Amino acid sequence: MIELEGISKTYAKSAVKAVDGLSLKVDNGEIFGFLGPNGAGKTTTIKLLTGVLRADSGSAKVDGIDMAASPLEAKRRIGYVTDNPEIFARLKAAEYLNFVADVYGVDSATRQERIGKYAGLLGIKDVLNASIGSYSHGMKQKLLVTGSLIHDPENWILDEPMVGLDPKSAFSLKEIMRERAASGKLVFFSTHVMEVAEKLCDRLAIINKGKIVFTGTLAELKAREGSDESLESIFLELVDDGEEAAS
Amino acid sequence: MKVFLSLCALYLRSFYNLPGKRAPGTKPGAKELLKEAGLLLVALLAVANVGFIFVMLNLALYDALAPAGMQGMIILNTAVVVTALTLILGFLTALSTYFLSDMELQLLSMPIKPRALLGAKFVAVYASEAAFSLGLMAVTMVIFGIKEAPGPLFYLWGILASLLLPLPVLALSYLVQIPLLSLARFLRNKQAILVIGGILGVVLAVGFNLYFQSGMAHQADPEWLAKNFAGPDSLIARLGQVYPPAQYAWRAMTAPASASGAAAILAMAIACLAGPALVVALMSGMYAKSLIGFNESHLKKLDAGDARSFIGRRMRSSSAFLSMVKREIRLMNREPIYLLNGPLIIVLMPVIFAVMIIVQRDAFLSDPDMAGIMALLDSGRGALVAGLLGGFLGSGTSIACTSVSRDAKALPFIKSLPVRPADYLLAKLAHALIFGAAGSAVGVGCLAYLAKLGPADIAIGFLVAFGLSSLLNMGGLWLDTASPRLRWDSPMAALKQNPNSVIAILGSMGLMGLLGYLSFTLGLGRAEVALWMGLAPLALFGLLYAAFPRFAARRLAAMET
């Protein structure tokens, strides 16, 4: 379970609040979609949630553990896929996975089983001996996904995970998400792809200019807006309203 | 033309990491100004260092040649040196910037003429060549100008000549590289180029050192200098004779006010501009084609059985801290720019010193100062000198003082992991200490071999070297944790253009000099050296180490990338 309570963040070199008093609660067993236009505050929120950034005010809790008070305990319960897979180009994929597994204290037999499973599902099992620098963007993304699941986290947080994935891998990723939610684990992901959110999410939140403009199910969103149109159309209207209100 | 100029500006900014235009109304902060002033000072120091050697050599040459009325030969010497050095530097720069990044592929997709692409890159590489050439020629112009009072045209022709001299050699570099990289597929890889360029750079640096040391060794022997640097059979004179631009520069500058001087500079301009013009006109298409598919990599895939056994064999648990240290070592040693400017220093510096000692052996042995130094080493100071040398080598790897900056891209990911900030940063320290110990051993070992030190001196020397290098590495880590360079495009910027590495090296030099001075002034014995220069730095290291975790946690939490 993750819980954000009145969380705000302003970057050091900016006067604008990237995230402004945001509150959100996601329960176990849910697939939760986090939507918003570019620069809305999605990645900042995820970074606050995963302990990458320090909040100016408010709190982030993971399974009831406060990220600021007990960061190591909270982080152990998270698997995180960053929005930028361009890291550790000089390491081999196997070295990267071993590093992550060592940090989470995963024993040899368990890591072998999980790497075999997820690297196989995502189609990178045969290139684990290669350097990450020789991977394509999509392959790096798959490697990050595999690494994020190596300790079987209760809370899986993914920032734009579909970017660069081929259709087969995107399908496999969605299947893994469903499988984890079905086993009572939480999946929280940000995306620009409305169709994915529409088909996959149990609940979703829309963020614009650092503030949540909606939280709930798709049906609740349609009821609130009095519209039976697609999520894409409603999303565009909501975001446009936000723009107009701001101007 | 507009496209060409825009490309020139783009390449110049990328090559030299120039800042963009400041937003209107914004002013640089005090910290930014201080950093810029520091970098300028360091650049001046580096230039002054090379410049000093060149000034001394030119002065000695002038004094040797003037009695025979051959002082004009120092101009030919400079023209040949400029040509040779710009050929070396230009070749390496052209090679290392042949394919800058994937930005090149983006440019290929735009409606840009290949001539503009190659021409702009040529201009960007040429900019540093021209500055270097002008700097060296300025030394000769000032010396010759003061001694001979040649008139204003001498300076004008000198400036023109120094700007023209790098052009044909740079054109030659591209003339060789474009067909080579078009044909040799394995070279069309940034990694391969960096490795080859690095090895070539090391070889050429040693060769350059050899050239200067051979001149400096005979600084007090005008006859030798005149014969070897300006005599009709000297390499310089022979090169000058077969290389027309150097000849033209010499003729123009030795007879600046004459018609033949003007004719020589005109001929030089034609000769020097023809090369780049021909290369850009005729080889641009081939160059643009050679960029296609650059950096393409091929993955070696395992079959199902091999993949299974690979996972079983390679996916083994180890301690988290050890895993972090291994990650540090791999990330540094596998990035050619980092390896060459970091850990390899431990090997490279002793090699350069060895060249100096071998070449200047006779001069060293006959130098009265050297006799004094040998007497000092024999009288129990060997441990101190070895310790200071090893300490400098062990702290000169730039590992700790750039460790946070080098990891800037990975910080968000690292910060999401359940790792104590202090452990993450202390893994970086462990990496630096491993190479610190290696550098200390190499430095002390080299001096122990040369000065035939006994076991006690070697042990004390290593204690001093390791104590000092550990303290300096700890200081470097504090520095880069306090003020890391978190935003950069090229890995080079995190190390070579990082003020922290410059501060650390200058600080190390200063500390070694100060400790050497103090120990000689205070007449410290072996035991005192061991106590004050070995154990005391280790104690100070311990204090900094104990205070580090809280500082690390606070700083890492505040880092926003």
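Miscellaneous remarks
- The charge dipole of segment B:321-558, taken about its Cα centre with unit charges on the Cβ of Lys, Arg, Asp and Glu (plus for the first two, minus for the last two), comes to roughly 1080 debye.
- Rounded to the nearest 10 degrees, the inclination of helix A:231-246 to the longest alpha-carbon principal axis of chain A is 60 degrees.
- Label-point separation in nm, B:R526 to B:R420, each point 7 Å along Cα→Cβ: 4.0
- Rounded Å value of the spacing that divides the Cα centres of segment B:431-447 and segment B:260-303: 43
- Mean separation of Cα contacts under 8 Å (6+ apart) over length of segment B:321-558, as relative contact order %: 29
- Packing here is the average count of other Cβ atoms within 10 Å per residue, and on that basis the peptides B:453-460, B:544-551, highest first, run B:453-460, B:544-551.
- Listed residue (A:H137, A:V127, A:F99) projecting farthest to the positive dipole end of segment A:87-152, Cβ model: A:H137
- Calculated [θ] (222 nm, deg cm²/dmol) that DSSP helices of n ≥ 4 give over the protein assembly as shown, each run adding -39,500 (n - 2.57): -21500 deg cm²/dmol
- Within the protein assembly as shown, the proportion of Cα pairs with more than 51 Å between them is 27 percent.
- Estimated vicinal HN-Hα couplings, Hz - segment A:59-70 in sequence order (Karplus 6.51, -1.76, 1.60; Gly, Pro = x): 9, 10, 10, 10, 6, x, 9, 6, 4, 6, 7, 10
- Per-residue mean of C-beta atoms belonging to partner chains within 10 Å, peptide B:304-316: 6
- Vicinal HN-Hα couplings computed from phi for segment B:449-465 (Karplus, 6.51 cos²θ - 1.76 cosθ + 1.60; Hz; Gly/Pro x): 5, 5, 9, 6, 6, x, x, 5, 5, 5, 5, 5, x, 5, 4, 5, 4
- For chain A, the longest principal axis of the alpha carbon atoms and the long axis of helix A:108-122 meet at an angle near 60°.
- Cβ neighbours within 10 Å from other chains - mean over A:43-50: 2
- Centre separation in Å (Cα based) which lies between segment B:306-338 and segment B:505-540: 38
- Footprinting exposure proxy ranking of B:I399, A:I207, fewest other C-beta atoms within 10 angstrom first, gives A:I207, B:I399.
- Our coupling estimate for segment A:139-149, obtained by passing each phi through the Karplus curve with A = 6.51, B = -1.76, C = 1.60 and θ = phi - 60°, is 5, 5, 4, 5, 5, 4, 4, 4, x, 6, 9 Hz, Gly and Pro reported as x.
- Annotation: amide H of A:V213 within the under-5 Å range of A:I206, A:I207, A:N208, sequence separation 5 or more or interchain, hydrogens built in the peptide plane.
- Share, in percent, of DSSP beta bridges within chain A that are antiparallel, nearest 5: 50
- The alpha carbon gyration tensor of segment B:496-561 gives principal lengths a ≥ b ≥ c with a/c of 1.5 or higher and a/b no greater than b/c, which makes the shape oblate.
- Chain B shape via C-alpha gyration tensor axes, a/c threshold 1.5: oblate
- Shielding score for A:84-95, defined as the mean number of other chain Cβ atoms within 10 Å: 5
- Anisotropy class of chain A from Cα gyration tensor, a/c 1.5 cut: prolate
The numbers here are math on the coordinates, done by the rules we state, and not lab data. Remember, predicted model here, so these are calculated numbers, not experimental data. No Cβ is skipped: glycine too gets one built from the backbone with ideal geometry, and neighbour counts run over all protein chains shown.
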